[in-house]
1. Sort out for me the helices (runs of 4 or more DSSP H) sitting completely within region 68-150 that have 1 or more residues that are under 19 Å from residue 173 (Cα atoms) and under 13 Å from the mean Cα position of the chain (by Cα).
2. Limited to region 18-53, what total is found for residues that are closer than 11 Å to residue 120 by Cα and modelled with pLDDT of 95 or more?
3. I'm trying to understand the selection: among the residues of region 175-199, which are over 16 Å from residue 115 (Cβ atoms) and in a loop (DSSP other than H, G, I, E, B)?
4. Considering every residue within region 126-138, establish whether at least one is at pLDDT 95 or above and at positive phi.
5. With the condition kept exactly as written, say whether any residue in region 161-174 is within 17 Å of residue 74 (Cα to Cα), outside any helix (DSSP H, G or I), out of contact with any strand residue (DSSP E or B) (no Cβ under 7 Å at 6 or more places or on another chain) and in contact (Cβ under 8 Å) with a residue 12 or more places away in the chain.
6. Hey, any hits in region 111-118 for a residue that's free of Cβ contacts under 8 Å to residues at least 40 places away in the same chain, out of contact with any helix residue (DSSP H, G or I) (no Cβ under 9 Å at 6 or more places or on another chain) and more than 27 Å from residue 165 (Cβ to Cβ)?
């Protein structure tokens, strides 16, 4: 039994990120797999639900251990809120990247013949979406996600609804932003599949956009919406 809470939290972050991406990115690759076998893919709604439902379950299950971040942007927001130390935040991000890469590599093995079309489900810019516009879209989508995280899991006044609202926020964001930027809202969500596939085009979009959105939402909440101490 692991008795060190800090170590347990890092394991939870890596494990939760792996499972979240295996299901979420896996739903993207599944579309190509099914199409190649005469079937019909999950479509945008299916991809949104796969991400949202998986995240809702994992946040509810592992939140008590680590807070259930599974996303460097969320960890950044929690740091801005003053709820995590810089050292612990850095370790969380490393764990999330490791979990994300493990998921990307695992999906590459599972979908050995079809992963190339989607680059293992790595997010990509849609037709006509410039990198600058992509950064803006990712920032807005991430801001919604972070507000859901802070308002339902970080704020002491938060309703006791587990990860439901967070999962719904991700699903809603994908329904709008999926065709535009992949609606990653999460640098690790790009990192894992992209590294596994060797697909690095416009890589900075999925680092800068989520970072801006997360920081802006956290600053707004901390200084305008949080209860005064």
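The values are calculated or read from the model by the stated rules, or taken from the named source; none is laboratory data. Model, not experiment: these values are computed from the prediction. Here Cβ is always computed from backbone atoms with ideal geometry, including for glycine, and neighbour counts include all displayed protein chains.
1. 72-80, 131-149
2. Final tally of qualifying residues: 9.
3. 183, 184, 185, 186
4. Yes - at least one qualifying residue is present in region 126-138.
5. yes
6. Within region 111-118 (the criterion being free of Cβ contacts under 8 Å to residues at least 40 places away in the same chain, out of contact with any helix residue (DSSP H, G or I) (no Cβ under 9 Å at 6 or more places or on another chain) and more than 27 Å from residue 165 (Cβ to Cβ)), the answer is yes, since at least one residue qualifies.
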